[in-house]
Amino acid sequence: MKQPGPEKVLKEQKIDEKWWDNWIRKGGWRPEGWKIIEMNDGPTLNNLRPEKFLIVHRPHGNMFHHSYGKTSKFFMGLLEGKLYGTKCPKCGLVYCPPRAHCFNPKCRLEETKWVELSKKGEVHAHTVMAIAWPSMAHLQPLVGAMVRIDGTNTCLPMTMRDIDPEKVNIGLRVNIHIEKQPKGDLLDVYATPAEKPKAPKRTPEELKRFREDMEKTRAWVKKTFGK
Amino acid sequence: MAKKVGIVAGSISRFDNPRHTLQEEMCAEAVKMILDEVPDLELGDFVKKGYACCYSYFSDILEQQQCMHWIINDYLGLSAVPCYRVESGGATPIDAIVNAALWIRSGMFPAVLVVGWEKMDELPIQKVNEAIAIAGDTDWDFVSGFTYNAFYATMEARRMHVYGETEEDLAQVSVLCHNNSLENPYAQWPAQHGFSKITIDDVYKSRLISWPYRLYECAMTSEGASALLLANEETTKKLTDNPVWISGVGFGSDTMRAGDRPDNPAWKGLYPEDEKIWPKHVPAPMSPYPDLCNFGALRVSARMAYKDAGIRNPRKEISLVEIFDPYAGVVLAGLEDFDFCKRGEGKKLLREGVIQPHGELPCQLSGALTAQGHAVGSTSVAQVVDVYWQLSNQIGKKWGAPGRQLSKPKKGFIHGHGGTGCQAGAVVLEV
């Protein structure tokens, strides 16, 4: 018998834990204020009466130390600018997102092998986010595409750049890129069109509405973030 | 022959947001309504007669409280009563009902109280979205830059491409749901936006969320609670003279990540008749059904529930339907996955008025998730209560709107699901 540990750190990009430790020790759960409000209450809209409530402002937060497990090689690949997937040696399915075990019911959870993937693919489905995550709000309107990387049997969701949101279409060939300074995070991966995009069919009203939506979204971004 | 499970009573505590009432207080309101309606039911019966409780709520994060049901259970005066919580994302409340029905069928408990609730006003809306989105895969979905809205939007874009659904179809679904909710005194839409009808232009004027979905085509975030008292045949008949029966239950599953579905060998050959329906202009994936167009978990759960209830022709036999519709397109996909029409034809049922309140197959009479509200753990419990009130001829009394009672409905179908269709449940009710 052998013990699995201790773990050896091979490489590390340190986080500044000081600011966080300080906040989590002094700030977490400490009430930061309160207000008293009055509002109608009752189980149905036919049965309401005024009530007073006290609301307390209570912060909390956490830092998670998460392992990517046996799919870690995908993220290590990003750090080297490479795209990896896994392949089942029994049935040949290729996964990206990778799986360490094949999910084909016939393969009885066969362990997969790593393969390097091409940086080309195709849009399987798409959207245009007029509301993205707060960290990406400055990129709105943001095209999101489910991309089938060539040779894989799955779709990897990623955002797109250098494309007119109006023109993104299902079947569009794309080039897949990894950020020049990767953080080892899925957001390092993005796609750009590899051919001239063809706009999906829209009625004149739909097209007018779509353009207005894009204008409004861009105006909001300009107002909020400048430029 | 499976043992019969009856609905003795159901209740809803309203859905708007914020309500500021504590979760245990909303639950007490809902359970109190059941106690008022069933005078022969005593809270002490739960211990004395061996009843149980099944609790339904989705998130521990929205309020930073784990094991909320322990608070609820003791607040309701039910200490010592056997209970646990069921959680499966958006499918939480429907799965809690399925679970309770199976408990009763097992013969273990003569009656089970299902209580469902959610509180969603404590965090800013972006953080609420985040809390919901971590029900997606946080290694591969959430961190790709996609919001939950975006995943459903890509699936709808696929439906538009493969089936020719249009933005107008989605807007019409939204109009149907909102206008259906206007006389519902438990609904969030009228509580916060007033009692006038909306039009398709109002939907178009609502802001774009993630193309093709606009604000009015997405579920609201809500608060509220609801409860159902289920019992075996003998107890049901003892406690009420106006019972409705749960004649079928089902549940199913699919991949966590929607992106893993197109070539998933688990679906290949499972529904060959659906695999054949595929347009020439789109290359077919290895498993054409469900791909990203449909929801396989919904199909599995529905066919299980129909088989359980002995339903052969759902379109003919079912009088009304409540679909769990976090986004408008799910109504159209659902109609297909539940065998009310062939895949791709959901839009036809909509365009022909079949699912309107006076159509052949009224859908979303409550207003459903976009208008009645989506306090997750309460959502499908409330939808089941709405259908139960229709089947037991009580809508007039419960809503104060006699005009909304359907004429002698016989069977109702209610469905719920979680994630991007990762898990689904279904219930058939009949008088």
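Quick notes on this structure:
- Residue list for segment B:184-194, filter: within 10 Å of chain A (Cβ to nearest Cβ) and either surrounded by fewer than 22 Cβ atoms within 10 Å (Cβ to Cβ) or without any contact (Cβ under 8 Å) to a residue 60 or more places away in the chain (or both): B:Pro185, B:Pro190
- Residue within segment B:109-121 that is within 9 Å of another protein chain (Cβ to nearest Cβ) and either modelled with pLDDT under 95 or out of contact with any Gly (no Cβ under 9 Å at 6 or more places or on another chain) (or both) present: no
- Identification of helices (runs of 4 or more DSSP H) wholly contained in segment B:328-375 with 3 or more residues that are closer than 23 Å to B:Tyr306 by Cα yields B:329-337, B:346-351.
- Candidates A:Gly77, A:Gly69: the one that is within 10 Å of another protein chain (Cβ to nearest Cβ), under 21 Å from the mean Cα position of the chain (by Cα) and at pLDDT 95 or above is A:Gly69.
Matching residues to (1) touching a His at 6+ places or on another chain (Cβ under 6 Å); (2) surrounded by 15 or more Cβ atoms within 10 Å (Cβ to Cβ); (3) within 12 Å of chain B (Cβ to nearest Cβ):
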position	(1), (2), (3)
A:His65	no, no, no
A:Pro97	no, yes, yes
A:Phe103	no, yes, yes
A:Leu117	no, yes, no
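- Qualifying residue in segment B:66-77 (condition: in contact with a helix residue (DSSP H, G or I) (Cβ under 8 Å, 6 or more places away or on another chain) and among the polar types (S, T, N, Q)): no
- Candidate set from segment B:257-278 (those that are facing chain A (nearest Cβ under 10 Å), in a loop (DSSP other than H, G, I, E, B) and in contact with a Gly (Cβ under 8 Å, 6 or more places away or on another chain)); member that is surrounded by the fewest Cβ atoms within 10 Å (Cβ to Cβ): B:Arg257
- Scanning segment B:346-377 for residues that are under 9 Å from the mean Cα position of the chain (by Cα) and of a type in the set (Gly, Ala, Ser) turns up just one, B:Ala368.
- Flag if A:Glu179 is within 22 Å of B:Val203 (Cα to Cα) and either of a type in the set (D, E, K, R) or away from chain B (no Cβ under 11 Å) (or both): no
- Residues in segment A:145-158 that are assigned to a strand (DSSP E or B), in contact with a Cys (Cβ under 9 Å, 6 or more places away or on another chain) and within 9 Å of chain B (Cβ to nearest Cβ): A:Ala145, A:Met146, A:Val147, A:Arg148, A:Leu156.
- Residue within segment A:193-201 that is touching a residue at least 24 places away in the same chain (Cβ under 8 Å), closer than 18 Å to A:Leu139 by Cα and outside any helix (DSSP H, G or I) present: yes
- Take the conditions (1) within 10 Å of another protein chain (Cβ to nearest Cβ); (2) not in a loop (DSSP other than H, G, I, E, B); (3) not aromatic (Phe, Trp, Tyr); A:Lys35 misses just one of them, which is (1).
- Any hit, segment A:178-193, residues being within 21 Å of B:Arg158 (Cβ to Cβ) and touching a Phe, Trp or Tyr at 6+ places or on another chain (Cβ under 9 Å): no
- Flag for B:Gly224 being on the phi > 0 side of the Ramachandran plot, at the interface with another protein chain (Cβ under 10 Å from one of its Cβ atoms) and buried (at least 22 other Cβ atoms within 10 Å of the Cβ): yes
- Single residue of segment B:153-178 satisfying the filter (farther than 25 Å from B:Gly419 by Cβ and free of Cβ contacts under 8 Å to residues at least 60 places away in the same chain) that is nearest to the other protein chains (Cβ to nearest Cβ): B:Glu168
- Within segment B:204-221, the set of residues being within 11 Å of chain A (Cβ to nearest Cβ), touching a residue at least 24 places away in the same chain (Cβ under 8 Å) and in a helix (DSSP H, G or I) comprises B:Tyr204 only.
Let's see how each residue does on (1) in a loop (DSSP other than H, G, I, E, B); (2) farther than 23 Å from B:Ser366 by Cβ:
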residue	(1), (2)
B:Glu29	no, no
B:Asp40	yes, yes
B:Asp60	yes, yes
B:Trp70	no, yes
B:Leu78	yes, yes
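- Meets criteria (farther than 19 Å from A:Glu206 by Cβ and in contact with a Pro (Cβ under 6 Å, 6 or more places away or on another chain)) for B:Phe146: yes
- Note on segment B:132-147: among residues that are more than 7 Å from chain A (Cβ to nearest Cβ) and without any contact (Cβ under 8 Å) to a residue 40 or more places away in the chain, the one that is farthest from A:Ala130 (Cα to Cα) is B:Thr138.
- Considering the conditions (1) surrounded by fewer than 16 Cβ atoms within 10 Å (Cβ to Cβ); (2) among the basic types (Lys, Arg); (3) within 9 Å of another protein chain (Cβ to nearest Cβ); (4) touching a helix residue (DSSP H, G or I) at 6+ places or on another chain (Cβ under 9 Å), A:Arg161 is excluded by exactly one of them, (3).
- Within segment B:80-95, being within 22 Å of B:Pro110 (Cα to Cα) and in contact with a helix residue (DSSP H, G or I) (Cβ under 7 Å, 6 or more places away or on another chain) holds for B:Ala80, B:Val81, B:Cys83, B:Arg85, B:Val86, B:Pro93, B:Ile94.
- Filtered residue count, segment B:1-37, keeping only those that are over 25 Å from B:Glu118 (Cα atoms), over 21 Å from the mean Cα position of the chain (by Cα) and buried (at least 16 other Cβ atoms within 10 Å of the Cβ): 1
- The listed residues are A:Pro89, A:Pro50, and the only one of them that is in a loop (DSSP other than H, G, I, E, B), surrounded by fewer than 20 Cβ atoms within 10 Å (Cβ to Cβ) and more than 9 Å from every other protein chain (Cβ to nearest Cβ) turns out to be A:Pro89.
Here is a yes/no grid of residues against (1) among the charged types (D, E, K, R); (2) under 20 Å from the mean Cα position of the chain (by Cα); (3) surrounded by fewer than 19 Cβ atoms within 10 Å (Cβ to Cβ):
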{"residue": "B:Lys280", "(1), (2), (3)": "yes, no, yes"}
{"residue": "B:Met286", "(1), (2), (3)": "no, no, yes"}
{"residue": "B:Tyr289", "(1), (2), (3)": "no, no, no"}
{"residue": "B:Cys293", "(1), (2), (3)": "no, yes, no"}
{"residue": "B:Gly296", "(1), (2), (3)": "no, yes, no"}
{"residue": "B:Arg299", "(1), (2), (3)": "yes, yes, no"}
{"residue": "B:Ala302", "(1), (2), (3)": "no, yes, no"}
{"residue": "B:Tyr306", "(1), (2), (3)": "no, yes, no"}
{"residue": "B:Pro314", "(1), (2), (3)": "no, yes, no"}
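- Meets criteria (at pLDDT 95 or above and not in a helix (DSSP H, G or I)) for B:Pro190: no
- Checked against (1) surrounded by fewer than 24 Cβ atoms within 10 Å (Cβ to Cβ); (2) at positive phi, B:Leu361 passes all but a single condition, namely (2).
- Where helices (runs of 4 or more DSSP H) sit wholly within segment B:85-164, those with at least 2 residues that are surrounded by fewer than 19 Cβ atoms within 10 Å (Cβ to Cβ) occupy B:92-105, B:125-133.
The values are calculated or read from the model by the stated rules, or taken from the named source; none is laboratory data. Not measured: the values here are computed from a predicted model. Neighbour counts are summed over all protein chains in view; Cβ atoms, including those assigned to glycine, are modelled from backbone coordinates with ideal geometry.
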